Amino acid sequence: MSEGNVVLAQPRGFCAGVRRAIGIVERALDLHGAPVYVRKEIVHNHYIVSELQKRGAVFVDSEEEVPQGAVCVFSAHGVSPAVRSAAAGRQLEVIDATCPLVAKVHQEAVRFARDGRTVLLVGHVSHEEVEGVLGEAPDRIVVIETEDDVQRLGLPDDTPVAVLTQTTLSFDETERVVEALRARFTDLITPGDDICYASQNRQNAVKDLARDNDLVLIVGSHNSSNSLRMVEVARDRGTAAHLVPDEQHLEAAWLKDVSSVGISAGASAPEILVDGLVARLADLGFDQVQLQRGIAEDVVFSMPGRLADPVTGRVPQTPLAGEVSPAPGEMS
Ligand code: 0K2
Ligand code: SF4
């Protein structure tokens, strides 16, 4: 059996928007009882979706699948105005779990489009977050996925443009795209802070993990954009890295000639899956676990007022239990 170290990234796992979104579904189930309909996966994690399904959440692809007048939660990734209208048309009782930082990008898109600018939205065209923002002003927003797309844009170079981005992109990769846009367009403005604090913090921590370890494992589902970006960030540093949806996906062959494994988790991946991976690695001889020195996050987003207790009028706190990273020395 091999002997080796494990280093747990700090920060890792749930961000404030994910905690709030999951808390909203749980609270809606408590208040309204099952079923509570959720449009799309509340966050892109199969474990979370399946746990909420067990409690009575029903996940649907479209608001059109929700029965008239039923409770419907919008996912953390946000929705377009067309979806809001369709939901209103069906008299759905909507509870919006859109992350406030995604909502901010929507507001920027509306403002820039109203100002007469063409919005260049850097992101993945088929991602729900991009679909939602695009829907704010479909005639004035163009999605850009890569640096190559910049030269292909059929716009005069003096077009007034504003650059926005998906919240979960790779910071470094996006900088390259924005630089290419700056080099081309003469009237360009950008708020420049759309990639959220959680994405940036997790990517920075992964850079250190990649520097200090032979292998990096990122816990997250295959449809989780921010988790995939974390794998890329590690690989960009020349370190082998894999996405691991849960411990069953760990391949023993990855550990050949490896003495230290860095583990992080995407913003939608719960700590229980990290625990499972750590336990499996311990079985394989990687039983010395340390916590990376890193920054502590204290961002909390408040829950929607419509989830207030009908008797006391109190709005519940966003749940934190069970997801706080263990302190050094507390780990086996
Ligand atoms: O990274 P993704 O946008 O695919 O989404 P999740 O994996 O669900 O992570 C939470 C971020 C949600 C919105 O920004
Ligand atoms: Fe919000 Fe960022 Fe979390 Fe997405 S990753 S839900 S934008 S805090």
Legend entry - Only one of Arg55, Arg27, Arg20 that is touching a helix residue (DSSP H, G or I) at 6+ places or on another chain (Cβ under 9 Å), charged (D, E, K, R) and under 26 Å from Gln166 (Cα atoms): Arg20
Inset, instruction - Spot the failing condition for Gly78; the list is (1) within 12 Å of ligand 2 (Cβ to nearest atom); (2) part of a loop (DSSP other than H, G, I, E, B); (3) surrounded by fewer than 21 Cβ atoms within 10 Å (Cβ to Cβ), and only one is missed. - result: (3)
Legend entry - Residue in region 291-298 that is within 16 Å of ligand 1 (Cβ to nearest atom), within 30 Å of Glu93 (Cα to Cα) and either at pLDDT 95 or above or touching a His at 6+ places or on another chain (Cβ under 6 Å) (or both) present: no
Legend entry - Count of region 1-32 residues which are in contact with a strand residue (DSSP E or B) (Cβ under 9 Å, 6 or more places away or on another chain) and farther than 16 Å from Ser75 by Cβ: 13
Inset, instruction - Would you check which residues across region 93-116 are over 23 Å from the mean Cα position of the chain (by Cα) and surrounded by fewer than 19 Cβ atoms within 10 Å (Cβ to Cβ) and list them? - result: Glu93, Arg111, Ala113, Arg114, Asp115, Gly116
Legend entry - Answer from Asp194, Asp172 - the residue that is modelled with pLDDT of 95 or more, under 22 Å from the mean Cα position of the chain (by Cα) and buried (at least 22 other Cβ atoms within 10 Å of the Cβ): Asp194
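The values are calculated or read from the model by the stated rules, or taken from the named source; none is laboratory data. This one's a predicted model, so the numbers in the text were calculated from it and none came from an experiment. Don't worry about glycine lacking a Cβ; one is built from the backbone with ideal geometry, like all the others, and counts go over all protein chains shown.
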